[in-house]
Amino acid sequence: MLLLVACATASAAARERLSLDRGWLFHQGDLVEAPIVGHEESYSNAKAGSAGGAAGSEYDDSDWRRLDLPHDWAVEGPFDPKANVAQGYRPRGIGWYRRYLKVDPSDRGKHFELQFDAIATHATIWVNGNVVNRNWSGYNASYIDITPFLRYGDALNTIAIRVDAEAMEGWWYEGAGMYRHSWLVKRSPLHVVTDGVHATPRQLKDKQWSIPVEVTLNNSGKQAGEATVEVTVYDPSGKQVAQRTAQARIGVLATSSVQLPIAINNPALWSLEKTNLYRVTTRVIQGGKVYDEVSLNTGFRTIRFDASQGFFLNGVHVKLQGVCIHQDHAGVGVAVPDSVWEYRLRRLKELGVNAIRFSHNAPAAEVLDMVDRMGFVVMDENRNFNPSPDYMKQLEWMVRRDRHHPGIVLWSVFNEEPVQATEVGYEMVRRMSAAVKALDDTRPVTAAMNGGFLTELNVSHAVDVVGSNYQVPDYDRFHKARPDKPFTSSEDTSAFMTRGEWKTVKEKNLIASYDDDAAQWGNTHRDAWEAIATRPYVAGGFVWTGFDYRGEPTPNEWPSVSSVFGIMDLNGFPKNAYYIHQVQWIKDQPLIYLAPHWNWKQGDNVRVMVMANVERFKLLLNGRELADQKVDPYRMNYVNVAFEPGKLEAIGYKGGKEVARAVVETTGAPVKLELVPDRAQLAGDGRDAMPITVRALDAQGRAVPLANDEVTFAISGGGRSIGHGNGDPNSHEDEKGATRHLFNGLAQLIVQTNYDSKDAVTINASAPGLQAAALTIPVKPVAAEPFVTLADAPLTFVRSWRIAPDGDARPDPNQKLASFDMNTWGWGSPPMRAAAGSKYHLYRASFTPRKNLADGSGHIRFAAIKGKAEIWLNGQLIGKKDSFAAGPLDVALPAGAGKRELNVLLEAEAGQGVGIEGNVTIEPAR
Ligand code: GAL
């Protein structure tokens, strides 16, 4: 007979996903324990739960820094010219995190999973002194079942993480630490596993679609379970459009899947313009109660890469106007808050981007949700190219987590691998592609090759769509040789410009913004796009890069610390490339832009660039017509103008009519600061962060393009600064301090609301000689995400005890065991109870009190002792309990530091048992 798992308690609630971002303790630098030499230590070290030092349960972390995630410690530190150039001269190193966790006894029987969305770069994770995971990629999540290790009630649980950020997986700035979110997920023992709902729609015929849902369940309970799995599909308005159920039987500690193909007729399609998202909710039902519930969004759309015509979405041709991006932003490093990601994606949308390649790794899950909502197609890229089991797991994790996103249209298994034109490369890709297909056969697999695709056997033979990084001269040769193979640029451009600079000054590592300079392997923005746009068989392009990022300061080195490839700078401020691409990519709206600014010296001959998507334009200086030209949509237009102060105007025409106008004006000197918020209000959830533009205005309120004033910030109310930047790739300013220089007229401050505050955030900005600016941003009360209660640990638990053979003769309470004797005494951990029998029972343990108790202010607290007791510490009697009845005992801890030996001698009342029946803790005075 089958038994229901419904462990009769009140735990029928669906899953709880609690944020574990708050309340971490952090230590920068490694903590290395002295080598183990003794016999007993060697023996103990090898046992479950006995990791020592900072990895262990009991460790004095009272002087560690307290912080909330996401966190990147590398961006907090100074630059070092001797540090790695590719990582932006930021020393990374090693760090430790610890977090305490209390688990309510009423949750006993539930399934507990820790989730770390990503940690840079290698992480070793312990729970209660047990190694529970080693994750050797900075771009993969770890999901860890911690249920067997848990302690309930007052006995704290300890999570310890050693992060090795010396390890490098990239040649760009990778940050250091727990830079994405972390979670604790509580579920019923019979539950849907993480990423366990496969719901990727496919078109059957015309308007008939199916979601061949597959749900994977696990049962960590003590009995086999039977449950109803119910899958419900809701349309974009929230209306239920389909439901299906299936019965599942999951054995004890087993995992199995159920299939629930769901037919959907005539769904509203997902497209770049109309991001119709359907919600798929899976419930696990037992005895009429919902025991687990999980939802995801998906979308209905078709994709096709055609070898001669490129990419089609829902049968409509779409040229991929793409960018590659890393995860990195001014002020915060790789610890980019979700709301700053939203800002970045919004900027890309405004630019006319319709495709994103997350290079060279999978992004945060929240980012892919935004991408689906905002309407981009995505190349999701695997980081490590290696088909061996550990690495294959990384690839499979990405596909399992991401396959429901309608935005994802390509899986990329690698970026630029030297073996790409060899049999080895081909064999590796063949295996990795098969692994992807086994999990999702609805999207093509690609690999970003920087050459080699014309050789006899190479990776292009193992992928569905050939991705080319650069290699523009080979585009046509490839297409001619392999006319049936779909082809896209997977990376192009790699042009250089420093925001707001109009003269290249080699000694200062400054590069002009006229789009004249590109890496030897790359092309200018205009050349790269022309090559792609004019070839119908090329599905599209992915500009390297949408934004500047730290590290890889090519073509420069120190003192340059960030890249200059971006269409926008590290803050998301547009460079001139932004306007070049915008006029090429946005077609349904007349656009015209003028560059550079108009603050020059009399006598300067200025190269003026006009960027437009209209037919003709006229250029006027102070009302005088200087030029009337046909717009060149690929090359853009240039006019040399002898500078005179005033107003330079470009008027754009279509069919002879004025449709757009651009103006640059000569400004006066800066007289005041201005703070421009990105949005009207902040959410008071402790997470919402907003970039604020800082600029200087002249007396007439015009932004001064070359202002470089040093601004001091003061933030008060319900928020704080989490960093700032100015887009200067050569700046070594502290990104977290109170001051920042404007760079070519701009800086950006990022403020974030505090947890538990509804107060508005006020920012004051001042600079010598300028009128200060103040900005108050209202805070909308929004509850913080449910989170794991903070648990302080001023306590040391004495958990590991040795138990002497009992007897009726009083033993020497301070007797010692030979260090090699692991067997004559027993082992135990409170609660320890001995049944009625012998009179005397001796227990022995050691502990190291926290530093703050060395002055004698500490106490040893026994929550409950049954029997009379003598407490001996390092051979001295320090306390006694004179009654046989069970009760607490509190003994003052004598002053002193270091390891202590604790012996407890219990005496039983005739016919009764004894025991150390509750926790033993070393605590400060209460
Ligand atoms: C490519 C590479 C990118 C970046 C770029 C710079 O080869 O894929 O990660 O390094 O070059 O031009």
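Listed values, structure above:
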read-out: Strands (runs of 3 or more DSSP E) wholly inside region 705-770 containing at least 2 residues that are touching a residue at least 40 places away in the same chain (Cβ under 8 Å); value: 710-717, 719-725, 746-753, 761-767
read-out: Of all residues in region 512-538 being more than 16 Å from the ligand (Cβ to nearest atom) and of a type in the set (Ser, Thr, Tyr), the one that is surrounded by the most Cβ atoms within 10 Å (Cβ to Cβ); value: Ser513
read-out: Test result for Asp698, crowded, with 22+ Cβ neighbours inside 10 Å and either among the acidic types (Asp, Glu) or out of contact with any Asp or Glu (no Cβ under 9 Å at 6 or more places or on another chain) (or both); value: no
read-out: Region 76-108: number of residues that are at pLDDT 95 or above and either assigned to a loop (DSSP other than H, G, I, E, B) or farther than 26 Å from Leu790 by Cα (or both); value: 18
read-out: Which numbered condition Glu674 fails, given (1) part of a strand (DSSP E or B); (2) within 30 Å of the chain's Cα centre (by Cα); (3) surrounded by fewer than 21 Cβ atoms within 10 Å (Cβ to Cβ); value: (2)
read-out: Qualifying residues in region 794-817 (those that are among the basic types (Lys, Arg) and surrounded by fewer than 19 Cβ atoms within 10 Å (Cβ to Cβ)) - the one nearest to Glu917 (Cα to Cα); value: Arg810
read-out: Residue that is surrounded by the fewest Cβ atoms within 10 Å (Cβ to Cβ) [pool: residues in region 562-603 that are within 16 Å of the ligand (Cβ to nearest atom) and more than 30 Å from Thr666 (Cβ to Cβ)]; value: Phe565
read-out: Members of region 133-190 found to be charged (D, E, K, R), in a strand (DSSP E or B) and either at pLDDT 95 or above or surrounded by 24 or more Cβ atoms within 10 Å (Cβ to Cβ) (or both), listed by number; value: Arg134, Asp145, Arg162, Asp164, Lys186, Arg187
read-out: Whichever residue in region 884-918 is assigned to a loop (DSSP other than H, G, I, E, B) and of a type in the set (A, V, I, L, M, F, W, C) and, among such residues, is surrounded by the fewest Cβ atoms within 10 Å (Cβ to Cβ); value: Ala910
read-out: Those helices (runs of 4 or more DSSP H) lying entirely in region 365-454 with at least 1 residues farther than 23 Å from Trp136 by Cβ; value: 365-374, 423-439
read-out: Subset of region 468-511 (residues that are in a loop (DSSP other than H, G, I, E, B), touching an Asp or Glu at 6+ places or on another chain (Cβ under 6 Å) and either of a type in the set (S, T, N, Q) or away from the ligand (no atom under 16 Å from the Cβ) (or both)); value: Arg499
read-out: Among (1) in contact with a strand residue (DSSP E or B) (Cβ under 9 Å, 6 or more places away or on another chain); (2) within 16 Å of the ligand (Cβ to nearest atom); (3) of a type outside the set (Phe, Trp, Tyr), the one test that Arg401 misses; value: (2)
read-out: Qualifying residue in region 383-401 (condition: in contact with a Cys (Cβ under 8 Å, 6 or more places away or on another chain), crowded, with 20+ Cβ neighbours inside 10 Å and either at pLDDT 95 or above or not aromatic (Phe, Trp, Tyr) (or both)); value: no
read-out: Verdict on Val543 being modelled with pLDDT of 95 or more, buried (at least 24 other Cβ atoms within 10 Å of the Cβ), within 17 Å of Lys349 (Cβ to Cβ) and within 16 Å of the ligand (Cβ to nearest atom); value: yes
read-out: Those residues of region 14-42 which are acidic (Asp, Glu), part of a loop (DSSP other than H, G, I, E, B) and at pLDDT below 95, in sequence order; value: Glu33
read-out: Subset of region 772-786 [surrounded by fewer than 16 Cβ atoms within 10 Å (Cβ to Cβ) and over 14 Å from Asp685 (Cα atoms)]; value: Ala772, Ala774, Thr776
read-out: Leading residue by the ranking (farthest from the ligand (Cβ to nearest atom)) among those in region 314-339 that are under 17 Å from Met379 (Cα atoms) and not in a strand (DSSP E or B); value: Val318
read-out: Pick from region 546-561, criterion outside any strand (DSSP E or B) and of a type in the set (A, V, I, L, M, F, W, C), ranking: nearest to the ligand (Cβ to nearest atom); value: Val561
read-out: Criterion violated by Val459 - all others in (1) touching a residue at least 40 places away in the same chain (Cβ under 8 Å); (2) within 23 Å of His329 (Cβ to Cβ); (3) buried (at least 24 other Cβ atoms within 10 Å of the Cβ); (4) within 16 Å of the ligand (Cβ to nearest atom) satisfied; value: (2)
read-out: Residue check for Asn450: surrounded by fewer than 20 Cβ atoms within 10 Å (Cβ to Cβ) and within 16 Å of the ligand (Cβ to nearest atom); value: yes
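Matching residues to (1) more than 30 Å from Gly769 (Cα to Cα); (2) under 47 Å from the mean Cα position of the chain (by Cα):
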residue	(1), (2)
Glu615	yes, yes
Asn622	yes, no
Tyr634	yes, yes
Asn637	yes, yes
Glu658	yes, yes
Val663	no, yes
Thr666	no, yes
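The values are calculated or read from the model by the stated rules, or taken from the named source; none is laboratory data. This structure is a prediction, so every number in the text was calculated from the model and none was measured. Methodologically, a virtual Cβ is constructed for each residue, glycine included, from the backbone with ideal geometry; neighbour enumeration extends over all protein chains shown.
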